[in-house]
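The values are calculated or read from the model by the stated rules, or taken from the named source; none is laboratory data. Just so it is clear, the model here is predicted, and its values are computed rather than measured. Here the Cβ is made from the backbone with ideal geometry for all residues, glycine too, and neighbour counts use every protein chain on show. With ligands, DNA and RNA removed, areas are computed over all heavy atoms of the protein, side chains included. Shrake-Rupley method; radii C 1.70, N 1.55, O 1.52, S 1.80 Å.
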Amino acid sequence: AYFDMGKIINKDPEPVRVVQLPMDTHVYWKPYTWGYYGSSFLHFILNKPIFDRTFEPASMENADIHKQFMDILRLTSTVQNKELLDDQAQNLLTLLQSTSIKYIIDDQTVSINIDSRDIGYWGNINLVDSRQLLSYMEEKGYIQLLKNYTVSSHEYFPLYTQLYPYNKTPSISYPDRHIYLYKVDGLKPRIQAISSVKKVHSSLQSIPVEL
């Protein structure tokens with residue numbers, strides 16, 4: 001799923017950004033149901049900048065954007081009033097447009113429950129909130145669903161029994177998870193990609209370098 005999303009996003013010639021939701025509101029690393037627990041890996045697949053809390057300690061700007069995401073998503077799943085929900089959707093759309101985020105990866109495999117290892121981690125992940133708001137935005141036509149990937153525990157669990165032989169069978173039956181790739185239509189990029197740079201030689205003579 002991740003490599004396929006990378007192919008779709010990397011074909012886009014526009015200088016745009018990507019965001020992966022949901023986020024853990026307390027820590028930088030994320031646990032995934034399929035077994036991984038750690039920092040970002042999508043930036044190794046994508047040729048476009050991605051917002052991820054992994055990079056937050058080195059960037060106050062990233063930290064501010066992440067806080068805005070978390071503030072907008074906070075308790076969205078409890079909102080029953082469509083007018084209030086639309087206000088939050090408009091706020092999120094404005095944030096996406098102002099930061100040139102064209103692609104949203106709503107990764108429902110991000111979870112404190114690592115199904116493949118049959119263990120759970122401490123965390124506060126806005127999984128339900130992001131799913132509710134993005135589903136509403138898709139329904140209203142604010143964002144477009146490009147692809148829906150199904151991640152089945154029946155596919156990856158046998159691989160982890162080789163790594164964790166003490167856990168041959170899961171204690172409960174885990175449901176399938178989904179990864180949704182969305183696109184913000186009509187986005188006007190506010191950033192510009194660098195096409196060339198000048199390398200300063202040891203003699204202080206500039207040497208043009210093509211990217």
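Below are the figures for this structure:
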read-out: In segment 112-128, residue surrounded by the most Cβ atoms within 10 Å (Cβ to Cβ) [restricted to those that are under 16 Å from the mean Cα position of the chain (by Cα) and assigned to a loop (DSSP other than H, G, I, E, B)]; value: 126
read-out: Qualifying residues in segment 23-39 (those that are of a type in the set (Ser, Thr, Tyr) and open to solvent by 10 Å² or more (accessible area, probe 1.4 Å)) - the one farthest from residue 155 (Cα to Cα); value: 25
read-out: Residue count for segment 45-96, restricted to those that are part of a helix (DSSP H, G or I) and in contact with a Gly (Cβ under 9 Å, 6 or more places away or on another chain); value: 1
read-out: Residue 146 being under 16 Å from residue 96 (Cβ atoms), not in a helix (DSSP H, G or I) and not β-branched (Val, Ile, Thr); value: yes
read-out: Residue under evaluation residue 20, criteria (1) exposed (fewer than 13 other Cβ atoms within 10 Å of the Cβ); (2) assigned to a strand (DSSP E or B), criterion not met; value: (1)
read-out: Filtered residues of segment 152-185 (kept if in contact with a Ser or Thr (Cβ under 6 Å, 6 or more places away or on another chain) and at pLDDT below 90); value: 156, 157, 160, 168, 174, 176
read-out: Selected residue (criterion: modelled with the highest pLDDT) from residues of segment 186-208 that are surrounded by fewer than 10 Cβ atoms within 10 Å (Cβ to Cβ) and within 30 Å of residue 146 (Cα to Cα); value: 186
read-out: Verdict on residue 68 being at pLDDT below 90 and more than 18 Å from residue 185 (Cα to Cα); value: no
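Every residue, every condition in (1) modelled with pLDDT under 90; (2) crowded, with 19+ Cβ neighbours inside 10 Å; (3) basic (Lys, Arg), yes or no:
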{"position": "44", "(1), (2), (3)": "no, no, no"}
{"position": "47", "(1), (2), (3)": "no, no, no"}
{"position": "51", "(1), (2), (3)": "no, yes, no"}
{"position": "57", "(1), (2), (3)": "yes, no, no"}
{"position": "62", "(1), (2), (3)": "yes, no, no"}
{"position": "73", "(1), (2), (3)": "no, yes, no"}
{"position": "83", "(1), (2), (3)": "yes, no, no"}
{"position": "87", "(1), (2), (3)": "no, no, no"}
{"position": "92", "(1), (2), (3)": "no, yes, no"}
